Amino acid sequence: MTKSNLHQELVREQAGKICETYKISQDEVSNILVSKIEDYPKLKKLIADANNLKSVYRTREFKDFIKKIRKEIYFQLRTYKKVSDSITDSHISTRERAPYLQDFFKQIDGYLQGAETILDLGGGLFPASFPFDIYPKLKKYVWVDKNKDAYEILKKHPHNKLILHNYPLNKNNWEYYLPNGKKEFDLVFMLKLIPVLHRQERHLLEFLSTVPAKLVLITGSKEAMVKKQDIFKRENAVITKFIDNHQKEIIKKIDLPNEFGYLIE
Ligand SMILES: C[S@@+](CC[C@H](N)C(=O)[O-])C[C@H]1O[C@@H](n2cnc3c(N)ncnc32)[C@H](O)[C@@H]1O
């Protein structure tokens, strides 16, 4: 193998390994590796001088480099960044739902048709993929999320029915978000939110159960957000416990290849 091939081989092998763990394409990882390796001149020289990759993989330089790359990819996948022209591609939750979006809306279409008010809790970038045009009855879509990046991205793509509140969920009482004259929302979205709160801010679940709503749609993921790992059982247990604890009734189940959910009242 020639010296320059060794460099390419390292990128190919490592990109393959990273893709086994993380939900990112081989091309994306290869591009990251190729550009980041430029910041590691010692490693570049080691590769240039080496006869095989095994000796490179044993070095501290390589180990530090790959550890840093894996960490960066992990954080990149978890955060909201404008990564492409499509804003729904900017976060993994919405990006993953994108291929099944039509199916998603088809499964709740009857309920959406009748809704005048929607509250989207921990909404992320979901409003960016919401088909406002096909739900003319909808008057207000209220979004609440503490994430600043998601807020900034949505602010650049306004819609006259979309109201954005960049707050933590327990910052205000529910009356604060209710449109004038309304006592409850027709539909509340808690998409991929309950398992996150269960892990990070369990005390908020009680508050969430008091949301004034005719219907609530709760979903969870079948696969972990960043890593390739089946998490259906774990997420389903958390969500069904939340529903049982608050004595809500499941009126419809939602099922997509990588997401599941319950419509409750
Ligand atoms: C897994 S993402 C789901 C995003 C979106 N609902 C979807 O399904 O595409 C969870 C979202 O909940 C938001 N979130 C988590 N804890 C929150 C809190 N305490 N207050 C407000 N937002 C929160 C995060 O910022 C993130 O945008």
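Just so you know, all these numbers are worked out from the coordinates, no wet-lab data involved. Everything numeric here is computed off the predicted structure, so don't read it as measured data. Note that we place each Cβ from the backbone using ideal geometry, even for glycine, and neighbour counts take in every protein chain shown.
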Three-way shape call for segment 145-265 based on the alpha-carbon gyration tensor, with the a/c threshold at 1.5: oblate
³J(HN,Hα) computed for each position of segment 161-170 - Karplus, 6.51 cos²θ - 1.76 cosθ + 1.60, integer Hz, glycine/proline x: 9, 8, 10, 9, 10, 8, 10, x, 4, 9
Charge dipole (the chain, unit charges on Cβ, about Cα centre) - positive-most of Ile264, Tyr176, Gln26: Gln26
Partner aspartates and glutamates for Lys241 [C-alpha distance under 13 Å; skip if fewer than 8 residues away on the same chain]: Glu206, Glu249
For Ala213, distant residues with modelled amide H under 5 Å away: Phe185
Amide H within-cut-off set for Ile254, under 5 Å, with H built and near neighbours excluded: Gly261, Tyr262, Leu263
DSSP bridge pairs, the chain: antiparallel proportion in percent, nearest 5: 40
Estimated vicinal HN-Hα couplings, Hz - segment 125-141 in sequence order (Karplus 6.51, -1.76, 1.60; Gly, Pro = x): 9, 4, x, 5, 10, 7, x, 3, 4, 8, 10, x, 6, 5, 9, 9, 10
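Using helices alone, I'd like the mean residue ellipticity at 222 nm for the chain: each DSSP H run of four-plus residues gives -39500 (n - 2.57), total over residue count, nearest 500.
Working: 12 runs with 120 residues, N = 265.
For the chain, the value works out to -13500 deg cm²/dmol.
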Length-normalised contact order for the chain - Cα pairs under 8 Å, 6+ apart - percent: 15
Amide H partners (placed H, <5 Å) of Glu223, local residues excluded: Ile231
Distance violations [Cα-Cα > 32 Å] among Lys67/Lys155; Lys171/Lys222; Lys182/Lys233; Lys68/Lys192; Lys36/Lys233; Lys161/Lys253: Lys67/Lys155; Lys182/Lys233; Lys36/Lys233
